[in-house]
Amino acid sequence: MKSNTLILHTAALFIMPLQLMFSVFLLFRGHDEPGGGFIGGLVASGAFVLYAFAFGSEATRRILRVAPRDLLSAGLLFALASTIPAFLAGQPMLTAHWWELPLPGDGYLKLSTPLIFDIGVYAAVLGTIMTFVISLMESDE
Amino acid sequence: MILIALYITIAMVTLAALLNVYRVIKGPDAPDRVLALDTLYVNAIALIVLLGIALQTRMYLESALLIAVMGFVGTVAMAKYLKRGSVIE
Amino acid sequence: MLDRLSFPQPWLSLTLFFTWQFLSDGISGGSVVLGIILAWGIPQMTRRFWPDPPAVMRGWRAPAYALRVLWDIVVASVEVAKLILSPRQPRPMFICYPLELDHPLAISILVSTISLTPGTVGADVSDDNKLILIHSLDAEDEQEIIDTIRARYEKPLLEMFR
Amino acid sequence: MSTFAEIAISVLLLVGGAFTLIGAIGLARLPDFYTRLHGPTKATTVGVGAIVVSSVIYFSTLGRGIGVEEILVTVFLFMTAPVSANFLAKAAMHLEVKTTENTRGQTWDQ
């Protein structure tokens, strides 16, 4: 009797969104509690790796939209960009700057250079691991 | 009362983890080892949650969730490797 | 264009939104905005491989099924525990279970249920989605197990997914 | 904390620990791979589930809110345990792992 990968497909469809959400959660709580860009990026790549196991490298490329290598370099640029405010203010590199954007209701969206740095690291980690995995997959095919 | 129950439970889970390590070492086949590792990470989650209760902090719960997420991906990757001889088909 | 703005899996989006609210320590302006972005973005990203929804889906039957499965999981663990601790050897058996369900989602739920309930693990699904291979830890009679699964789990799922 | 909550937490902890231990004993004691698969998927999952639920009750009686992380951990374990079991069983069938002599029925080709 031949078998198929139905269970893994369904599981990937349900589990991957939860993993992605958790990775974003880790990314945003990074500054004063455990978490941060690196571990968030790892969890996100775990999610995409699971997707790649279930649906193949081509589908994974398609949902990533950008090539993983571009993600990696964009992440590095982003992390670099987080040093600009400190540079303009004449402070040592990577000094934290904070802004608060008022939102409808009484909330604030807190933006800070550490967060921008974390987003950069997130993209760089995701890009690196997906570059590995996808090129390994394609060299295998 | 909770403290006593907590200590007994930690002892039981630790013993369970040791039994899993025994299965990891003994094998005899690769799937047995992967299954034992799979159980080992679930036990690690239990230990982390118990540690959180013992120290009265919820700080460690994220790491428990993290182990659950990454452990599953790891098990799937290893099972995939066993199936094809290479991780990625 | 409208396609891009829609929520392809409304239930998934709702779940993601509320999970996000709870994760980010209560509802605030920022968490609502981010929650909406995530609830829209993640299903958009993964929409390609979702199976078509079944013709009829009676979602309100799901809680009753979930409770039954939860109860059976507890019973299952006690049974497996008894068997593990008793000195006698188990009598394992591989069983081919002919499916009546045909929706991939329903089959996945059934296999997961089988894996979590008394003495059985759903080992495999055939490539035409017509048979499941079940490994039973301690089986007397093949037909008895098939009938139990059919009556207890597959019938309710058939009611849910048409 | 009320006595009732204390008893509930203690009982859940002990039950959880016992099931986790039984799952591991099953893993160590049962004769072949397919029978060993049963311990971790059922007993261990339930055991960890019970421990996590006791943690939820404990922290909610301390008044630190209900823990979503704990519930997520449980949901995640219950979702992933059957999938890993299914996947490992497929791997074992592919490798043609030996079954004990008294196993009836056939595995499938992978």
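Determine the calculated [θ] at 222 nm for chain C from helices alone, applying -39500 (n - 2.57) to every DSSP H run no shorter than 4 residues and normalising by the residue count; nearest 500 deg cm²/dmol. Value at 222 nm, helices only, nearest 500: -17000 deg cm²/dmol. Farthest toward the positive end of the dipole of chain D, out of D:S10, D:P82, D:V53, is the Cα of D:P82, where the dipole comes from beta carbon charges about the Cα centre.
Here the protein assembly as shown is treated as an ellipsoid with the same Cα gyration tensor; its semi-axes, largest first and in whole Å, are 38, 28, 22. As a proxy for reagent exposure, B:K80, C:K82, C:K130, D:K90 were ordered by neighbouring Cβ count within 10 angstrom, fewest first; the result is C:K82, C:K130, B:K80, D:K90.
Work out the charge dipole of the stretch C:12-157 with +1 on the Cβ of Lys and Arg and -1 on the Cβ of Asp and Glu about the Cα centre, then indicate which of C:A76, C:F94, C:L133 is farthest towards its positive end. Looking along the dipole axis, the top candidate is C:A76.
Axis angle, to the nearest 10 degrees, between helix B:2-26 and the longest C-alpha principal axis of chain B: 20 degrees. Counting neighbouring Cβ atoms within 10 Å and putting the fewest first, the residues A:S57, D:S2, C:S112 line up as D:S2, A:S57, C:S112. Taking amide H positions as modeled 1.01 Å from N, with prolines and chain starts lacking one, the residues under 5 Å from C:L131 and 5 or more places away or on another chain are C:L99, C:S126. Taking label points 7 Å from Cα along the Cα-to-Cβ direction, A:D70 and C:R88 give a separation of 6.6 nm.
Angle check, please: helix D:3-29 long axis (alpha carbons) against the longest principal axis of chain D (alpha carbons), in degrees 0 to 90, nearest 10. It works out to around 20 degrees. The charge dipole of the protein assembly as shown, taken about its Cα centre with unit charges on the Cβ atoms of Lys, Arg (+1), Asp and Glu (-1) only, comes to about 140 debye. A simple charge model with +1 on the Cβ of Lys and Arg, -1 on the Cβ of Asp and Glu and nothing else charged puts the dipole of chain B at about 120 debye relative to its Cα centre.
Cα centroids of the stretch C:95-162 and the stretch D:26-53: 20 Å apart.
Each of C:W60, C:W20, A:W98 has some number of other Cβ atoms within 10 Å of its Cβ, and from fewest to most they run C:W60, A:W98, C:W20. Tell me which DSSP H helices of chain C clear both cut-offs, 24 Å or more of axial length from alpha-carbon atoms and a mean Kyte-Doolittle hydropathy of at least -0.5. Counting only whole DSSP H runs, the qualifying helices are C:29-46, C:62-85.
In the distance distribution for the stretch D:1-53, Cα-Cα pairs more than 14 Å apart total 53 percent.
For chain B, the longest principal axis of the Cα atoms and the long axis of helix B:61-84 meet at an angle of about 20 degrees.
At R0 = 41 Å, how high is the FRET efficiency between A:R62 and B:V21 if r is their beta carbon distance? Nearest 0.05 is fine.
0.50
Measuring against 32 Å, Cα to Cα, the residue pairs B:K26/C:K130; B:K26/C:K155; B:K83/C:K130 contain B:K26/C:K130; B:K26/C:K155 as the ones spanning a longer distance. Normalised by 2.2 N^0.38 Å, where N is the number of residues, the alpha-carbon radius of gyration of chain D equals 1.37.
Rounded to two decimals, what is Rg over Rh for chain B when you use alpha-carbon atoms and the Kirkwood radius?
On the way: Rg = 15.5 Å, Rh = 14.3 Å.
Reported Rg/Rh (Cα atoms, Kirkwood Rh): 1.08.
Every number in this text was worked out from the coordinates using simple rules, so none of it is lab data. What you see is a predicted model, and the numbers here were worked out from it, not measured in a lab. Note that each Cβ is placed from the backbone with ideal geometry, even for glycine, and that neighbours are counted across all protein chains shown.
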